[in-house]
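Derivation of every value follows stated rules applied to the coordinates shown; laboratory data play no part. Just so we're clear, the structure is a prediction, and the values are computed from it rather than from any experiment. All Cβ positions, glycine included, derive from the backbone under ideal geometry; neighbour counts span all protein chains shown.
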There are 2 protein chains.
Amino acid sequence: MLKTRVIPPTEGAHSTPLLIKNLLLSGRRYERSQEIIYRDISRYDYATFNERICRLANVLTAAGVKPGDTVAVMDWDSHRYLECMFAVPMIGAVLHTINIRLSPEQILYTMNHADDIFVLVNAEFVPLYKAVEDHLTTVEKTILLTDGDEKTADLPNLVGEYETLLAAAAPTYDFPDFDENSVATTFYTTGTTGNPKGVYFTHRQLVLHTLTQAGMMGGLDSMRLFGNRDVYMPITPMFHVHAWGIPYTATLLGVKQVYPGRYEPEMLCKLIKQEKVTFSHCVPTILGMLLNADGAKDYDFGGMKVIIGGSALNRGLYEAAKARGMKLSAAYGMSETCPLISSGYINLELEAGSEDERAAYKIKAGVPVPLVEARIMDSDGNFLPSDGKSQGELVLRAPWLTQGYYREPEKSAELWAHGWMHTGDVATIDEMGFIEIRDRIKDVIKTGGEWISSLELEDLISLSPAVKEVAVVGVPDPQWDERPFALIVPREGQAMDAKVLRDHLKPFVDEGRINKWAIPTQIATVTEIPKTSVGKLDKKRIRVEIAEWQEAGAPFLSTL
Amino acid sequence: MLKTRVIPPTEGAHSTPLLIKNLLLSGRRYERSQEIIYRDISRYDYATFNERICRLANVLTAAGVKPGDTVAVMDWDSHRYLECMFAVPMIGAVLHTINIRLSPEQILYTMNHADDIFVLVNAEFVPLYKAVEDHLTTVEKTILLTDGDEKTADLPNLVGEYETLLAAAAPTYDFPDFDENSVATTFYTTGTTGNPKGVYFTHRQLVLHTLTQAGMMGGLDSMRLFGNRDVYMPITPMFHVHAWGIPYTATLLGVKQVYPGRYEPEMLCKLIKQEKVTFSHCVPTILGMLLNADGAKDYDFGGMKVIIGGSALNRGLYEAAKARGMKLSAAYGMSETCPLISSGYINLELEAGSEDERAAYKIKAGVPVPLVEARIMDSDGNFLPSDGKSQGELVLRAPWLTQGYYREPEKSAELWAHGWMHTGDVATIDEMGFIEIRDRIKDVIKTGGEWISSLELEDLISLSPAVKEVAVVGVPDPQWDERPFALIVPREGQAMDAKVLRDHLKPFVDEGRINKWAIPTQIATVTEIPKTSVGKLDKKRIRVEIAEWQEAGAPFLSTL
């Protein structure tokens, strides 16, 4: 280490570690009367929010939770979840946000692997909890979360019901200082093979992520995505990367926050209208669901800003959302990155260009936010140029990347090979700094010595008015190694087969955007496309199903 | 320390220390074609800016500057200064920003005390440098800074001229990682007694200050002070708390930056017009000078946003600036605080109120920014309530407060008594979190057992149309201990004496805003009020001069 000048602090000087408790200081000062809302069930202001965090800390401490313990939550998105995001790490414990969309076996695995000692369980998940309870190895106590009047449930090791416990607890708590590198949160990411992997984030990482997110979303005029006069509602689960960290940022700025529980289109639309929601974020599939839902078809979203991440935003969805009054902007990140890495941004040069060009940039993964380094690397660990053409794996450095997978030394070493965090995404970076994700490394279609991006194909196919939803994967081919295969949900009343698709894609071949062997020679028209627990296209399952259909000669297959 | 869960990082994982070099990543990505401008003399884009920082690092390294060394700058506000703010700390050295408005003796003291090894000297300061040169104990080498064609000067130990050296140096530099707690910058604050005191800030502190400043100024809609489509020009010297840290924040966001050199009103107005400056900051005295300057009297500032700090913003100046098209907003901080602590903010409650009420809040010290804790303390170290009434010393905690005065253990211990940083300011904090500075502890006027705020008196006196500028101090009084004494610069053609002043203040006594013994019984009408090197009222000198005038029975004294 370089011998720089480091001066020991004056005795008694306070240096303020980067702790989550400090994120609470400003919001209540800026806007004490702003509200935090849960469906039609709960509504209170920032002063009450702070008081409830203290009450929860007292409840947990009295129940025996100690610094370093893991406290897990099984809940829909709620004010209670938000309270746990603060109170649990603020007493020095670790918050495990359980992915309630995993299979019971996977949930059991993650709870044991994370050493969950204490679990807060929504009444709806009591049957699920009881199904795995016999095999839980570390859980000692539970708290019941309930939306209704029923304050008891047959939940083992029950300390009590959340609201009852909070009401009886003291409304102040003297939160201690401790090492800012203490783990604050953990959750599991589901790979395509093997067990879920636990990522974890420290107080320092979450504070830096929050400050950067606030500066980036507010300070960039061309975005003006988020300020304290916005009304925020996540449509991304809180168990998944802290709902992209935005609840922390909203709290920092004193923003009105609305939590919708589970994602029922009618409730979402009702809350958007009733609470005047101006800002949200979700994955493309959820947005598609919202736009097409029965209860929302005539709904005008009136300028609501929505960040799209998790999967690539295709142009078809971008335009469909625009027609319904939504302003979309893409962002990029993943479980391992806390998650914010880059976001859509229109610089001075693009501002001077055409609307069409700007839209093309808005659906890219965007420009890295402050403090993030992004590079393109080949499989030998060499950097490739950021010329907008060279494709390789996107690798990252930033102050808020997971420093490993919990208790997985080999996978951790792979993640951090060559001193850079490997995303598993194939990307280009252009001269303006824009990242464009070409594909997951494992989803790239290798055909006749060429690499075809499944994402690019999906993007072009989505532009067809006959297509409601699409997924493209590579399937084994004896002659070409792999061939692209398209799974398509057609729009109501629209014809779709391999020939219709070819006719749609032909002009893009003529323009030179794709080469002619990128045109899928076989497609399946289906009513639904398999998704993962966080709403992404589940290409692993899609490949398995295609193999089964091909084997069975399913009638909805169409071949050129 | 609490036993929380701290997981050692995966071998090879990179955690990204908070270093100033990382502040450079985003601006050039967001806006590569934005410019950095110095008067009519220099203009280049962010790509060139980054290249010049590398060139400067190569020049300094080749000249023998090592990590931990102190590199000092004597320059007017310029692009060169900005380059030094990055290149010097980025090679692990410490940047000493010399206060060129101090006396030669004080400058000499600070240069020796800070161990300056290397000095960059503007040609205009060569005579000053040579005047102290014989007594410099640590300086080994110098670089000449010049605005004109003259590339040489009779400067001892000269390595060369800045532009010539940069042109010959390589345009890339591989900046190393090192401890984020390394000192990055130092400068001296001038107290009322004794030698100047050296404060210092680490890389970590400056990065956190920058992120918070970006988030606070951009994310708060009611401020919308600063975004990347603004054009920034400081009117606060870069030697003084890094021009309030805003050059770092501007660079983070890719903002167009304009540096005006010294503060000549005509040049300032010309640059504001020519470069379309939208955002600036200064102390009240400089703003008054700008508004009243011969070359600027008819100038319409067209909505320019200006943050006022350093001293209290009085209502008279606020209204005068408003009439000229400026949007003022107060902020609070000091040399010891990096400096940002609080800033004007109009919350939902105030937004619903009257324009007059909002103005009253805009001139207060504002609401603390994220991560800052502010409390009121009595002289025994007890906290007083934040009720808007209780007065005591404002004490602070934040991640970016100086951890001591360099090589001054006793003064450092005083600064951090009771584990809180003492500001020396008497203040109140109200229920909404607004800080109101009542006075410097040493400037409060103690009369007949009451405390009178000299700032409040100055504020009320400034409302008189006959008053151009005012300072109030306590002078010794045998009967009342102290009595307020007003120093007034009258507006041209306006009559002013003790009776006129009494008539102006009488209504405020009737309203109960001040009590009747707050009315100064003696005043002096002068053409200029003594200021410190950073443009604040120099109350120490004012007291000395008043004593001399009273002794001599000066003709411009007026007594009730």
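If you count, for each residue, the other Cβ atoms within 10 Å and average over each peptide, how do B:477-490, A:394-407 line up from highest to lowest? Mind showing how you got there, number by number?
Numbers: B:477-490: 18.9, A:394-407: 23.4.
Peptide ranking by packing, descending: A:394-407, B:477-490.
Calculate one ³J(HN,Hα) per residue across region B:517-532 by plugging θ = phi - 60° into the Karplus curve 6.51 cos²θ - 1.76 cosθ + 1.60, and present them in order as whole Hz with x for glycine and proline.
Couplings: 7, 7, 6, x, 8, 9, 9, 10, 9, 10, 9, 7, 10, x, 10, 7 Hz.
For chain B, take the alpha-carbon Rg, divide it by the Kirkwood Rh, and send me Rg/Rh. Don't skip to the answer; put the middle values down first.
Values: Rg = 24.1 Å, Rh = 24.8 Å.
Ratio value, two decimals: 0.97.
Estimate the FRET efficiency between A:Asp45 and A:Glu266 by the formula 1/(1 + (r/R0)^6), using the beta-carbon distance for r and 35 Å for R0, to the nearest 0.05. Don't skip to the end; give the middle numbers.
Details: r = 27 Å, r/R0 = 0.78.
Once rounded, the FRET efficiency stands at 0.80.
Sorted by packing (mean other beta-carbon atoms within 10 Å per residue), highest first, where do B:95-105, B:116-126 land? Could the numbers behind the result be given before it?
Details: B:95-105: 19.3, B:116-126: 22.4.
Going by the mean number of other Cβ atoms within 10 Å, highest first, we get B:116-126, B:95-105.
Set the Förster radius R0 to 60 Å, insert the Cβ-Cβ distance between A:Leu136 and B:Trp517 as r into 1/(1 + (r/R0)^6), and round the FRET efficiency to 0.05.
0.20
Under the definition of partner shielding as Cβ atoms of other protein chains within 10 Å of a residue Cβ, what is the mean value for peptide B:29-37?
Neighbouring Cβ atoms belonging to other protein chains average 5 per residue here.
Modelled label-to-label distance, A:Asp387 and B:Gln479, 7 Å Cα→beta-carbon offset: nm?
Each label point lies 7 Å from its Cα, and together they span 8.9 nm.
Go through A:341-349, B:372-380 and give me the packing order, highest mean Cβ count within 10 Å leading. All intermediate terms of the calculation are to be shown ahead of the outcome.
Details: A:341-349: 22.7, B:372-380: 16.1.
In decreasing order of mean packing, A:341-349, B:372-380 become A:341-349, B:372-380.
For B:Phe279, list long-range residues whose amide hydrogen, built 1.01 Å from N in the peptide plane, is under 5 Å from its own amide hydrogen.
Close amide H contacts, sequence-distant or interchain: B:Val231, B:Met233, B:Lys305.
Say the cut-off is 18 Å between C-alpha atoms; which of A:Lys297/A:Lys531; A:Lys256/A:Lys327; B:Lys442/B:Lys540 go over it? Intermediate results must be reported in sequence, preceding the final value.
Details: A:Lys297/A:Lys531 22 Å; A:Lys256/A:Lys327 20 Å; B:Lys442/B:Lys540 10 Å.
Flagged as over cut-off: A:Lys297/A:Lys531; A:Lys256/A:Lys327.
If we count other beta carbons within 10 Å of each Cβ, what is the order of B:Leu2, B:Leu350, fewest first? Please report the intermediate quantities before stating the final value.
Working: B:Leu2 13, B:Leu350 17.
Ordered from fewest to most neighbouring Cβ atoms within 10 Å, B:Leu2, B:Leu350 come out as B:Leu2, B:Leu350.
By counting other Cβ atoms within 10 Å of each Cβ, how are A:Asp425, A:Asp356 ranked from fewest to most? Intermediate results must be reported in sequence, preceding the final value.
Details: A:Asp425 21, A:Asp356 8.
Least crowded to most crowded, the residues run A:Asp356, A:Asp425.
From zero up to wherever the largest Cα-Cα distance of region A:5-53 sits, split into 10 Å bins and tell me the percent of pairs in each.
20, 35, 21, 14, 8, 2
Whole-Å semi-axes of region A:350-498's equivalent ellipsoid, largest first, each the root of 5 times a Cα gyration tensor eigenvalue? Could you put the intermediate results ahead of the total?
Working: eigenvalues 180, 99, 46 Å².
With the √(5λ) rule applied to region A:350-498, the semi-axes are 30, 22, 15 Å.
Which whole number gives the average, over all residues in B:15-26, of C-beta atoms from other chains lying within 10 Å of the residue C-beta?
Working: counts 10, 11, 1, 5, 1, 0, 0, 7, 2, 1, 10, 12.
For this peptide, the per-residue mean of nearby foreign Cβ atoms is 5.
Once phi is turned into ³J(HN,Hα) by the Karplus curve 6.51 cos²θ - 1.76 cosθ + 1.60 with θ = phi - 60°, what whole-Hz value does each residue of region B:46-60 show in order, with x for glycine and proline?
With coefficients 6.51, -1.76 and 1.60, one gets 5, 5, 5, 4, 5, 5, 5, 4, 5, 4, 5, 4, 5, 4, 5 Hz.
Obtain the nm distance between the two label points defined at B:Glu355 and B:Trp451 by a simple spin-label model: each point lies 7 Å from its Cα along the Cα-to-C-beta direction.
Using points 7 Å along Cα→Cβ, the separation is 3.5 nm.
Using 0.36 nm per residue of separation minus the Cα-Cα distance, give me the extension gain between A:Asp378 and A:Lys442 in nm, one decimal. Please report the intermediate quantities before stating the final value.
Details: separation 64, 0.36 × 64 = 23.04 nm, distance 1.46 nm.
Using 0.36 nm per residue and subtracting the Cα-Cα distance, I get 21.6 nm.
Output the 0 to 90 degree angle, nearest 10, between the alpha-carbon long axis of helix A:539-552 and the longest principal axis computed from the alpha carbons of chain A.
Roughly 40 degrees, rounded to the nearest 10.
Give the average, rounded to an integer, of partner chain Cβ atoms located within 10 angstrom of each Cβ in B:397-408.
On the way: counts 6, 5, 8, 2, 4, 4, 7, 7, 1, 1, 1, 1.
Average per residue, whole number: 4.
By count of other Cβ within 10 Å, fewest leading, how are A:Arg358, B:Arg324, A:Arg55 ordered? Mind showing how you got there, number by number?
On the way: A:Arg358 15, B:Arg324 18, A:Arg55 24.
Listing A:Arg358, B:Arg324, A:Arg55 from fewest to most nearby Cβ atoms yields A:Arg358, B:Arg324, A:Arg55.
Return the percentage of antiparallel bridges among DSSP beta bridges fully within the protein assembly as shown, rounded to the nearest 5 %.
Antiparallel: roughly 60 percent of the beta bridges in the protein assembly as shown.
Just the ratio, please: alpha-carbon radius of gyration of the protein assembly as shown over 2.2 N^0.38 Å, N its number of residues.
Numbers: Rg = 31.7 Å, N = 1120, 2.2 N^0.38 = 31.7 Å.
Scaled against compact globular proteins, the figure is 1.00.
What is the distance, in nm, between label points placed 7 Å from the Cα along the Cα-to-Cβ direction at A:Lys151 and at B:Asn112?
Once both label points are built, they end up 7.5 nm from each other.
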